[in-house]
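Taking it in order: structure first as structure tokens, then the write-up.
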């Protein structure tokens, strides 16, 4: 496997991978997908200011990562590996290459991951990304109901959109279902936090015996 920096002449090669990233994401969200041509202008804008690394195997482009810099902070944007080349270390190698680049400029690399994307969260956790830095909030200004899930965090209740295709384990799905039942029954976030706290206290006491 070879990982190299992308140049402006790689736009066409990147377009297929870039479309693969967004079309896979949009399919899981239940949204319309697009041809790679739609993304070429966007890639041309990015490649003039951002850093792209592309992974090649047997002369095939199999994945890429994009690094942007905003206000002195380095962000890992899209990371994508073609499905048939996954579980071969391609994604890990792309991240390591990106980290090497960022290390020459700063001590921290940042990224954003959608809370519904359990597979991506698991990957980044395995790569050592465990510092929860920000929470992005939004408000629906329309008078319409939206298909969302409830997620408790430190005594507050947040909502995340339900996706058409999700990767929750059976335990995670059961947890989300129980939280939803509790919220719909009128349980407050502070009460859910107390339930978790009491359960952990009881668990730790049983472990000490």
Residue 141 meets each of (1) surrounded by 11 or more Cβ atoms within 10 Å (Cβ to Cβ); (2) out of contact with any helix residue (DSSP H, G or I) (no Cβ under 6 Å at 6 or more places or on another chain); (3) free of Cβ contacts under 8 Å to residues at least 40 places away in the same chain with one exception, condition (1)
Among the residues of segment 138-152, are any under 26 Å from the mean Cα position of the chain (by Cα) and in a helix (DSSP H, G or I)? no
May I ask you to say which residue of 49, 13, 97, 32 is in contact with a strand residue (DSSP E or B) (Cβ under 8 Å, 6 or more places away or on another chain) and part of a loop (DSSP other than H, G, I, E, B)? 49
May I ask you to say which residue of 135, 131, 165 is within 30 Å of residue 96 (Cα to Cα), exposed (fewer than 13 other Cβ atoms within 10 Å of the Cβ) and modelled with pLDDT of 95 or more? 131
Out of curiosity, is residue 195 free of Cβ contacts under 8 Å to residues at least 40 places away in the same chain and in contact with a strand residue (DSSP E or B) (Cβ under 8 Å, 6 or more places away or on another chain)? no
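The values are calculated or read from the model by the stated rules, or taken from the named source; none is laboratory data. The structure displayed is predicted, hence computed values, not measured ones. Cβ: placed from backbone, ideal geometry, glycine included. Neighbour counts: every protein chain shown.
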